[in-house]
There are 2 protein chains.
Amino acid sequence: MSSRPPGTRLRKQPAERRAEILDAAAQVALTEGLECITLRRIGEMLDVRPGLVGHYFPAVEDLVAETFGAAAEAELSTLIPAGSDEPPTARLARFLASALSEQFHDVNRLWLNARHLARYRPTLRRRVILQGDHWRDRLTALIEAGARAGEFRTAQPEVVALKILAVIDGLSADLNADPKLPAAVLEMAVEVAERELELSPGTLADWAAPGALEA
Amino acid sequence: MSSRPPGTRLRKQPAERRAEILDAAAQVALTEGLECITLRRIGEMLDVRPGLVGHYFPAVEDLVAETFGAAAEAELSTLIPAGSDEPPTARLARFLASALSEQFHDVNRLWLNARHLARYRPTLRRRVILQGDHWRDRLTALIEAGARAGEFRTAQPEVVALKILAVIDGLSADLNADPKLPAAVLEMAVEVAERELELSPGTLADWAAPGALEA
DNA sequence: ACGCTTATTGGTCAAAGCACCAATAAGCTG
DNA sequence: CAGCTTATTGGTGCTTTGACCAATAAGCGT
């Protein structure tokens with residue numbers, strides 16, 4: 001990476017340094033996995049001694065949990081933007097079309113990573129649960145909005161949200177091994193959503209067709 | 001664990017020792033995770049030097065892969081027995097009722113574990129793919145048998161199998177974090193199966209009701 | 001211009017892991 | 001019973017990791 005003439009010290013604002021560390025950690029997490037976030041690895045990315053990273057995150061696990069949380073939250077904001085004025089059907093279609101796209105493979109892998117690692121790291125586990133709640137709530141709110149607008153029909157918005165999320169998780173479970181599922185299988189996310197929300201078949205699929213999302 | 005008077009040596013048949021090692025590894029894998037399979041850990045379980053375990057498995061990754069493969073294969077044989085003469089509907093119902101039951105939480109966790117670890121361990125990755133194929137093929141065969149018998153109706157048995165497996169994976173994705181999904185969500189496995197196979201609603205659910213499986 | 005806070009360095013320590021190897025003895029085979 | 005194969009031991013070397021600490025210097029506030 002970048003290097004400085006030895007003997008000099010770059011002293012940065014704590015907030016800035018902390019952000020740098022989290023950025024580097026996010027990069028490592030997305031490309032190599034959460035277990036590759038080590039004091040040394042992050043240190044060499046920033047051209048800084050490992051001890052400095054430890055200074056900002058006395059416990060590595062906190063850095064790991066924070067990194068995952070930030071990445072998951074960022075992905076959620078991209079997939080289901082908070083203050084959108086689009087109709088719920090369009091937003092849901094956009095979400096379903098993107099969530100399994102190659103663009104999000106890295107972060108879906110990250111979820112898999114975090115869910116497993118949560119077994120050993122309590123702090124990370126709490127963060128995984130928290131992010132899971134965020135996703136469920138955001139999607140539930142979207143479904144409720146659609147129901148209010150008369151676009152969707154369902155008695156249990158939260159149950160539907162959980163079902164959709166579970167299908168997405170299931171379809172990306174094999175991302176590290178054998179990613180190539182037949183298109184007919186991947187369509188299940190849209191199928192479940194349309195059925196649960198009593199949408200006529202194709203309503204969401206049309207939005208998911210290539211090119212339909214740029215409109 | 002068990003200990004021997006020091007100075008004596010217990011020399012076992014290679015096949016027996018190997019089986020012991022795999023048994024111990026399976027126990028560790030199911031209760032603590034695949035990354036806890038170490039030469040030392042297995043060695044102390046068998047009251048044997050770590051080097052001996054290394055003698056049977058010169059590369060730890062081979063032991064890990066073999067352990068996972070054996071456990072997954074065993075679970076498959078339990079969930080979808082090979083030479084059964086039961087009607088396909090009953091077998092499928094049995095499978096769906098059991099796969100997500102608490103009894104199989106450990107091994108479902110193991111799948112999650114293996115799918116993540118496959119990212120770093122090529123040998124394990126091959127094994128995960130292999131086991132995934134086994135599951136898909138076994139379930140596909142069951143569905144084809146049901147179609148031949150006129151119990152199921154589908155044009156794409158393999159697609160249906162993959163969908164069912166994906167739903168099961170999705171519903172057990174959070175096993176390490178927040179295991180308690182509403183029953184209405186867990187029912188999705190049965191719902192998808194009944195819909196995809198054009199079964200009247202409740203056909204599989206009845207089998208899944210408590211007590212129905214002991215028949 | 002001085003002083004104080006603290007960001008940053010550099011180095012140490014213990015733990016845990018895998019791989020490797022030479023020596024030993026168990027127990028089968030001739 | 002002798003000899004040979006090899007299961008088993010015990011020990012070594014190396015790597016990676018997280019945590020910890022004292023010393024140093026950057027740069028802000030007074």
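A short reminder: the numbers here are calculations on the coordinates, not readings from a lab. Just so we're clear, the structure is a prediction, and the values are computed from it rather than from any experiment. With ideal geometry, Cβ positions are generated from the backbone for all residues, glycine too; neighbour counts draw on all protein chains shown.
The packing ranking of peptides A:13-21, B:65-73, highest mean first, is B:65-73, A:13-21, where packing means the average number of other beta carbon atoms within 10 angstrom of each residue. Taken residue by residue and averaged, Cβ atoms of other chains lying within 10 Å of the Cβ of A:130-137 number 1. Using every pair of distinct Cα positions in the stretch B:69-137, the Kirkwood expression returns a hydrodynamic radius of 12.9 angstrom.
The value of relative contact order for the stretch B:19-142, using C-alpha pairs under 8 Å at least six residues apart, is 28 percent.
Lys-Lys pairs in the protein assembly as shown that are eight or more residues apart or on separate chains and whose Cα atoms lie under 27 Å of each other come to 5. Near A:T203: Cβ cut-off under 14 Å, other residues only, Lys/Arg at +1 and Asp/Glu at -1. The net charge is -3.
Counting other Cβ atoms within 10 Å as a rough exposure proxy, the listed residues A:W111, A:W135 run A:W135, A:W111 from fewest neighbours to most. Ranked from largest, the principal axis spans of the Cα set of the stretch B:39-92 equal 50, 20, 14 Å. Lys and Arg at +1, Asp and Glu at -1: add these up for the other residues within a Cβ distance under 11 Å of A:A70 and post the number. After counting each charged neighbour, the total is -3.
The relative contact order of chain A comes to 19 percent, based on Cα pairs under 8 Å that sit 6 or more residues apart.
Placing pseudo-labels 7 Å out from each Cα toward the beta carbon at B:R9 and A:R11 gives an inter-label distance of 6.4 nm.
Here is how the number arises for the protein assembly as shown: DSSP H runs of 4 or more residues each give -39500 (n - 2.57), the sum is divided by the residue count, and the result at 222 nm is -20000 deg cm²/dmol. Sorted shortest first, the separations between the B:D47 label point and its copies elsewhere in the assembly read 5.9 nm; each point sits 7 Å from Cα along the Cα-to-Cβ line. Couplings 3J(HN,Hα) for the stretch A:24-33, derived from phi with the Karplus relation 6.51 cos²θ - 1.76 cosθ + 1.60 (θ = phi - 60°), are 4, 4, 5, 4, 4, 4, 6, 9, 10, x Hz, where x marks Gly and Pro. Taken residue by residue and averaged, Cβ atoms of other chains lying within 10 Å of the Cβ of A:112-121 number 6.
A straight chain from B:D85 to B:I129 at 0.36 nm per residue would run longer than the Cα-Cα distance by 13.0 nm.
Considering the stretch B:90-179 at the alpha-carbon level, its Rg and Dmax are found to be 14.4, 45 Å. Per-residue Cβ neighbour counts within 10 Å put A:L181, A:L52 in the sequence A:L52, A:L181, beginning with the fewest. Radius of gyration (Cα atoms) of the stretch A:1-126, expressed as a multiple of 2.2 N^0.38 Å: 1.24. For the protein assembly as shown, the spread of Cα coordinates along the three principal axes comes to 66, 64, 33 Å, biggest extent given first. Per the Debye calculation on chain B with a single equal scatterer at every Cα and no solvent contribution, log₁₀ I(q)/I(0) for q = 0.11, 0.12 Å⁻¹ amounts to -0.62, -0.71. Across the identical copies, the 7 Å label point of B:G202, projected outward along Cα→Cβ, sits 3.3 nm from its counterparts, in ascending order. Rounded to the nearest 10 degrees, the angle from helix B:60-79 to the longest Cα principal axis of chain B is 30 degrees. Computed from backbone phi, the HN-Hα couplings of the stretch B:171-181 come to 6, 10, 5, 9, 4, 7, 10, 10, x, 8, 8 Hz, rounded to whole numbers (Karplus: 6.51 cos²θ - 1.76 cosθ + 1.60, θ = phi - 60°; Gly and Pro given as x). Inter-copy label distances at B:T78, shortest first and taken from points set 7 Å along Cα to Cβ: 4.0 nm. For the residues of B:27-34, the average number of beta carbons from a partner chain within 10 Å of their own beta carbon is 1.
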